[in-house]
1. Leaving out ligands and nucleic acids, and using a 1.4 Å probe, what accessible area per residue does segment 13-83 come to in Å²?
2. So how much slack lies between Y11 and K71, counting 0.36 nm per residue of separation and subtracting their Cα-Cα distance, in nm?
3. Mind jotting down a quarter of the surface of the convex hull over the alpha carbons of the chain, in square nanometres, one decimal?
4. Out of the total accessible area of the chain (probe 1.4 Å, heavy atoms of protein only), what percent is carbon and sulfur?
5. Would you kindly derive the ³J(HN,Hα) couplings of segment 63-80 from the backbone phi angles with the Karplus curve 6.51 cos²θ - 1.76 cosθ + 1.60 (θ = phi - 60°), listing them in order in whole Hz, with x for Gly and Pro?
Amino acid sequence: MPDAQPLFLVYLGVAASFYRPLHFPGDAFTLADGLFLVRSDLTRSGLYHQIKHRLPTDAALLVAPLADAPKFKRLHRGALRWLRESSD
């Protein structure tokens, strides 16, 4: 069985005027407004730059690799299911 893709936590701080949908390289789940879990074969730097080039220049961006699934509550419904299914 192949290794699961790396898991990243991504935060986007964009102005409300930025309304274009953002498609992440890999598989993504929206945890909350501007907060995402992303599984991608890209490195942290590669994922960061792919996203950075799609955002306004003044947008905040954080891309952090996660060694394990995070603990959370009261985020968008289906997050735990997505984590379980995406790690298979």
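The values are calculated or read from the model by the stated rules, or taken from the named source; none is laboratory data. Bear in mind the structure is a predicted one, so any value in this text is a computation, not a measurement. For the accessible areas, the whole protein counts, side chains as well, though only heavy atoms, and no ligand, DNA or RNA atoms are used. Shrake-Rupley method; radii C 1.70, N 1.55, O 1.52, S 1.80 Å.
1. Details: 4950 Å² over 71 residues.
Result: 70 Å² per residue.
2. Working: separation 60, 0.36 × 60 = 21.60 nm, distance 1.63 nm.
Taking 0.36 nm per residue and subtracting the Cα distance, the gain is 20.0 nm.
3. Values: hull surface 23.7 nm².
Dividing the Cα hull surface by four gives the mean projection, 5.9 nm².
4. Values: 3270 of 6250 Å².
Reported share for carbon and sulfur atoms: 52 percent.
5. 10, 10, x, 10, 6, 8, 5, x, 8, 7, 8, 6, 10, 4, 4, x, 4, 5
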